[in-house]
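Taking it in order: structure first as structure tokens, then the write-up.
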Amino acid sequence: LMSSFIFSTSYAQTSNLAGPYGQIGVGYQNTSPTFSNTSLVALGQSLNPNISVSNSSGVTGVISAGYNFSLAPSLLIGLGLDFSPFSTQSAAASASYSGPIGSYQNSASVYIKNTLNLFVSPGIALDQNKLIYAKVGYTGASANGVNTDFYMGGTSFGFGYKQIISSGVYGFAEYNYVNYGSLSRSLSGNLVTPTKVSVPATLTSTVSATSSNLLIGLGYRF
């Protein structure tokens, strides 16, 4: 009975992961751009081009800061900000058309950079030094899809685990998924007629992108 009382008293103490923190994580990221509602306009006609796009993947890094509020001995709610200054690897996108009025070929690289993620993070303390948590937030990033920079923003979801290693220092592992939303972009080019004459052509498409990453890292609870 006495041992049970001592255990419950110890567990009722505030989590050592409550309060302000900063952390750095490194890991692997995969980004998937997509193009939809694509049309090609040339010689006053709307054509249906073939679209090909590849995913990109590679190493990434994220710097984070936030504050975990203690709502109860085993329940925390956090507010935080992630920042990744690194560009994703470029994904190759191409559009082609071949038909009675001529042929068209164009390509572009697609990448995302300078990602900011503002999130809310509910967590459950397994004991004073261990925490499992979820993340829900809004993500904004710079992107380049048709050789010009533009902004994309959408929702983010994630979950992770933190554990104190020594006084104030903790390790963590985390998974995140982001849907960057979509927007319409246009790309100018030329269609070559059967008589080898180049005429102006405009490619319009709805660009959207998602990404996911798996991170491990170290942090400090101040």
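The values are calculated or read from the model by the stated rules, or taken from the named source; none is laboratory data. On a predicted model such as this, the values are computed, not experimentally measured, just so you know. Backbone-built Cβ (ideal geometry, glycine too); neighbour counts: all protein chains shown. Just so you know, the surface numbers come from the protein's heavy atoms only, side chains and all, with ligands and any DNA or RNA stripped out. Shrake-Rupley method; radii C 1.70, N 1.55, O 1.52, S 1.80 Å.
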Given [x] 13.3; [y] 11.4; [z] 13.9, the label whose value is mean projected area of the Cα convex hull in nm² derived from this model: [z]
Most fluctuating of Gly27, Gly137, Gly102 in the GNM of the chain (C-alpha, under 10 Å) is Gly102
For the chain, set up a Gaussian network in which alpha carbons nearer than 10 Å are linked by springs, and say which option among Ser121, Ser103, Ser70 fluctuates the most. Ser103
Residue-normalised accessible area of region 1-138, expressed per residue, 1.4 Å probe, Å²: 53
Show that you can apply the helix-only estimate: for the chain, add -39,500 (n - 2.57) for every DSSP H stretch of four or more residues, divide by all residues, and state [θ] at 222 nm to the nearest 500. -1500 deg cm²/dmol
Check the straight Cα-Cα distances from Lys162 and name the aspartates and glutamates below 12 Å, setting aside those fewer than 8 residues away within the same chain. Asp127, Glu174
Subtracting the Cα-Cα distance from 0.36 nm times the residue separation, let me have the gained length for Asn37 to Ser70 in nm, one decimal. 7.2 nm
Inter-probe distance in nm under a simple model that places probes 7 Å from Cα toward Cβ, at Ile165 and Ile63: 2.0
At most 12 other Cβ atoms within 10 Å and a DSSP loop assignment: could you name the chymotrypsin sites (Phe, Trp or Tyr not before Pro) in region 61-146 that fit? none
